[in-house]
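Asker: Just passing along the structure, written as structure tokens.
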Amino acid sequence: FRSRLAELRMVIVLDNAATEAQVKPLLPGAPGCVVLVTSRRRLAGLDHTHTLSVDTLPLPDANTLLSQTAGEDRLAGQPLELVAEVVELCGRLPLAIRIAAARLRSHPSWDLAHLVARLRDQQTRLAELEAGQRSVTAALDLSYQDLVADERRTYRLLGLHPGADIEAYSAAALLDTTVPAAVRLLEHLLEAHLLLEPTPGRYRFHDLTRAHAAHTAARDEIDHSGREALDRLLDHYRHTAAMAMDTAYPFERGQRPQIPPAHTPGPALPDPGTASDWLDTELPNLLAATRYAADHDRPAHLLQLSTVLNRHLRTRGHYHDAEALYQQALATARATGNQAAEAEALVSLGHLHRTQGHLDRATDQYQPALLLARTTGHQAAEVEALNCLGNIHRLQGRHVQATDHHQQALGLAVAMGHRAVEFDALIGLGDIHRMQGRLDRATDQYHMALLLARTIDHRTGELTALVCLGSIHTLRGMFEQANDHYQQGLRLARAIGHPIGELNSLAGLGLLHRMFGRHDRAADHLGQAVLLARATGHRAAEQAALNGLSDIHRIQGRYEQAADEYRQLLDLATEAGSRNFQFEARQGLGRLHHATGDPDAALTEHTEALALATELDQPRDQARAHNGLAYAHDALHQPDQAREHWQLALDILTRLGTDQTDDGETTVAAIRANLALTPADPR
């Protein structure tokens, strides 16, 4: 054959080659011919070749193929979104699209909606994609049968994986093998075009291939090997997630459950950045693992993973995922009679609602959690519920109750020897004194917290205490001392790779410079905080920094920039369900409209802000909104309404025993002056 080709110029097609050994004897020995080889595998052992992996069809081409194969008359008048859904359910594979079109053509009574409904069922989708001699299952069966035994087992077990993709360590757990062996098997399936590698080192099935692998596993796996494989995978995810959380959030290590070790290797997670990246990347798989555990009677995996992931879900703003997970954990804890786990799930739900500003709903979770924790002797959950209830009472202006809860938490933490929770209680008590204007007592509490944090090497606690002391010195107008504490916090945060502490320190420096009229420096620090929050995925911190930055730009008269930032803040807060920052955005926009001479728009925004502050049951924010409404009515020459709102703001601040709100823009002195200058309407 090669001799006959020596003098010819030809295009030679070698179709469906199995191996390089089949192809090599048929390659011309002299130049002049072009050889096109098609194969289910990547024939990487052939030299001097150009390899092209055929991808799925682009959406427009897939739509055209469906239309041409089914007949344009069959699709006439059909919604375009249904056409697109059919080809997506077919995975944009030409064979699957042709079969779907053939089925539509052979059933005159069907329309696209009926075909879509049949294809949506993942359990029966492959069965739907058969027509005559053509079958997606048969095509995949050919590729499967071409694998050797280890590769077929790998294919089946990967089909059991509950998540979207997989990497070497989770594959090693599933297969009960070493990481290098798992990589080799994954690469063999990749070469056989049974896996995709959308990003380096991460593998996933095409949707139809996944369905085939799962069907094959259900048919061929015996002796509980599939269940054992999934148990190893769940053990791997649970243990590695716990290790990652201990590295990324070490200050809460003692508050998380003790996780049994996994018996398969895990990745190295040497620093908070690497650990956080692993959590972000694997989060869809971790959540899929919890859903699998809930559906397949693995309560320990579900309950422990839900507690382990608590902080990261809230930090990253995954509120909807968190809510679903905690409700699932709560239902499982109640179904299994695990009251300690029920208390933990309720505390987690309380944290979630508190973060979103739903303080009443949070209280409804913390109160029964506190009772359950006391009933079961779960002291860690008890002190956490006490501290959190104290924080809620403080935010809602109930300082006596707040102090009582923090004092209880402090006493219990000291008795337990739980120094990190003792620290939290001290900070809570300091916050109450600060909000009541008792700055000396607040300073004492913060100093005690700082010393405790340094004693127990609670580096993140040390950061918190430094920032709190910085805020006290800011309120006292002591620039050098405040700047020193914030700078200490900033250096410490950067030294230990703690982005939240760095963000809080930058925000504190921004507010300090703002107070002293150094607006350019303030904008610089807050701008750095916004960039850092976005780079590290801290959605709540991004909102806080953006709020401070937009206020600075408003004060500087950079109104367009401020308006854009307030709207960004409103969008972020609405998306995340954070009503506190929705309030800040509305309040800021109201002030901005007042500054630009549009009191009607200001009135609208401050009205929205007051509604939010009332829903949140946060009196300080209500006072700020009333103050804004008073200015709007005053600008509209409505003195009676202005006086009414200023009086309401004054009554709130007087009742709280404070001279001003935290933002410094609503003060008792200014309100009294405005009331004196605003006569009642003589009518």
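The values are calculated or read from the model by the stated rules, or taken from the named source; none is laboratory data. Since this is a predicted model, take the numbers as computed values, not measurements. In this analysis, Cβ positions are derived from the backbone assuming ideal geometry, glycine residues included, and neighbour counts consider all displayed protein chains. Note: accessible area is taken over every heavy atom of the protein model, side chains too, but ligands, DNA and RNA are not part of it. Shrake-Rupley method; radii C 1.70, N 1.55, O 1.52, S 1.80 Å.
Asker: For Glu575, put the label point 7 Å out on the Cα→Cβ axis and report which residues of the range 523-565 keep their amide N under 13 Å from it.
Answerer: Label zone hits: 534-535, 537-540, 542-543.
Asker: Okay, next question. Please give the direction-averaged projected area of the C-alpha convex hull for the range 151-288, in square nanometres with one decimal. Display every interim value, and only then the final one.
Answerer: Details: hull surface 33.5 nm².
Averaging across all directions leaves 8.4 nm² for the Cα convex hull.
Asker: Moving on. What FRET efficiency would be calculated for the residue pair Arg253, Arg334, taking the C-beta separation as r and a Förster radius of 25 Å, to the nearest 0.05?
Answerer: 0.35
Asker: At a Förster radius of 41 Å, what calculated FRET efficiency corresponds to the Cβ-Cβ distance of Leu371 and His263, to the nearest 0.05?
Answerer: On the way: r = 38 Å, r/R0 = 0.94.
Approximately 0.60, to the nearest 0.05.
Asker: Roughly what would the spin-label model give for Gln641 and Glu88, points 7 Å off Cα along C-beta, in nm?
Answerer: About 4.7 nm separates the two model spin labels.
Asker: If you place +1 on the Cβ of every Lys and Arg and -1 on the Cβ of every Asp and Glu, how big does the dipole about the Cα centre of the chain come out, in debye to the nearest 20? Display every interim value, and only then the final one.
Answerer: Details: 66 positive and 85 negative charges, 153 e Å.
Computed about the Cα centre, the dipole is about 740 debye.
Asker: Summarise the long-distance tail of P(r) for the range 542-622 by giving the % of C-alpha pairs beyond 18 Å.
Answerer: Values: 1193 of 3240 pairs.
Above the 18 Å cut-off, the range 542-622 has 37 percent of its Cα pairs.
Asker: Hand me the trypsin sites (Lys or Arg not before Pro) from the range 581-620 located in a DSSP loop with no more than 14 other Cβ atoms within 10 Å, in residue order please.
Answerer: none
Asker: If contacts are Cα pairs under 8 angstrom and at least 6 residues apart, what is the relative contact order of the range 149-258 in percent? Show your work: numbers first, answer last.
Answerer: Details: 101 pairs, mean separation 34.6, N = 110.
That works out to 31 percent.
Asker: Let me ask you something else. The range 466-521: which chymotrypsin sites (Phe, Trp or Tyr not before Pro) are DSSP loop and have at most 15 other beta-carbon atoms within 10 angstrom?
Answerer: Phe516
Asker: Give the accessible surface of the range 132-289 per residue, rounded to a whole number of Å², with probe radius 1.4 Å and ligands, DNA and RNA excluded. It would help to have the intermediate numbers written out before the result.
Answerer: On the way: 6740 Å² over 158 residues.
Spelled out: the 1.4 Å probe surface of the range 132-289, per residue, equals 43 Å².
Asker: Separate question: Would you mind counting up the charge near His318? Only other residues with Cβ under 15 Å from its Cβ, with Lys and Arg at +1 and Asp and Glu at -1.
Answerer: -1
Asker: Which trypsin sites (Lys or Arg not before Pro) from the range 1-99 combine a DSSP loop assignment with at most 12 other Cβ atoms within 10 Å?
Answerer: Arg9
Asker: Per residue of the chain, what 222 nm ellipticity follows from adding -39500 (n - 2.57) for every DSSP H run with n ≥ 4, rounded to the nearest 500?
Answerer: Estimated from H runs of four or more residues: -23000 deg cm²/dmol.
Asker: What fraction of the DSSP beta bridges in the chain is antiparallel, stated in percent and rounded to the nearest 5?
Answerer: 55 percent
Asker: Further, regarding this structure: Considering Cα pairs under 8 angstrom that are at least six residues apart, work out the relative contact order of the chain and quote it in whole percent.
Answerer: 6 percent
Asker: Using a simple spin-label model with points 7 Å from Cα along the Cα→Cβ vector, what separation in nm is obtained for Glu480 and Arg2?
Answerer: Here the modelled spin labels are 8.8 nm apart.
Asker: Per-residue accessible area for Val530 at 1.4 Å probe radius, Å² rounded to 10?
Answerer: 10 Å²
Asker: On to the next question. To check my understanding: the extent here is largest minus smallest coordinate of the Cα atoms along each principal axis. What are those three numbers for the range 51-182, in Å, largest first?
Answerer: 56, 34, 28
Asker: Given contacts defined as C-alpha pairs under 8 Å and at least six residues apart, what's the relative contact order of the range 369-511, whole-number percent?
Answerer: The normalised contact order for the range 369-511 reaches 14 percent.
Asker: Would you mind computing, in nm to one decimal, how far apart the modelled labels at Glu130 and Arg40 are, each placed 7 Å from Cα along Cα→Cβ?
Answerer: Using points 7 Å along Cα→Cβ, the separation is 1.8 nm.
Asker: Quick one: with all protein chains in place, what share of the accessible area of the chain is carbon or sulfur, to the nearest percent (1.4 Å probe)?
Answerer: Details: 15820 of 30790 Å².
Carbon with sulfur: 51 percent of the solvent-accessible area.
Asker: Stokes-Einstein at 20 °C, 1.002 mPa s, Kirkwood radius from Cα pairs: D for the range 378-436 in µm² s⁻¹?
Answerer: The estimated diffusion coefficient comes to 198 µm²/s.
Asker: What's the long-distance tail for the chain, i.e. % of Cα pairs beyond 45 Å?
Answerer: Beyond 45 Å sits 39 percent of the P(r) for the chain.
Asker: How large is the convex hull of the Cα atoms of the range 453-561 per residue, expressed in Å³ as a whole number? Before the final figure, lay out the partial values.
Answerer: Values: hull volume 9.6 nm³, N = 109.
Residue-normalised Cα hull volume stands at 88 Å³.
Asker: To continue, here is another question. Place a +1 charge on the Cβ of each Lys and Arg in the range 447-500 and a -1 charge on the Cβ of each Asp and Glu, then give the dipole magnitude about the Cα centre in debye, rounded to the nearest 20.
Answerer: Details: 5 positive and 4 negative charges, 16 e Å.
Rounded to the nearest 20 debye, it is 80 debye.
Asker: Next question. Can you tally the net charge around Ala340? Count Lys and Arg as +1, Asp and Glu as -1, for every other residue whose Cβ sits under 15 Å from the Cβ of Ala340.
Answerer: -1
Asker: With a probe of 1.4 Å, find how much accessible area the range 482-587 has per residue, and write the answer as a whole number in Å².
Answerer: Working: 4180 Å² over 106 residues.
Ligands and nucleic acids excluded, the figure is 39 Å² per residue.
Asker: Using 0.36 nm per residue, how much length does the chain from Thr604 to Ser225 gain when fully extended, once their Cα-Cα distance is taken away?
Answerer: Residue separation times 0.36 nm, minus the Cα-Cα distance, leaves 130.1 nm.
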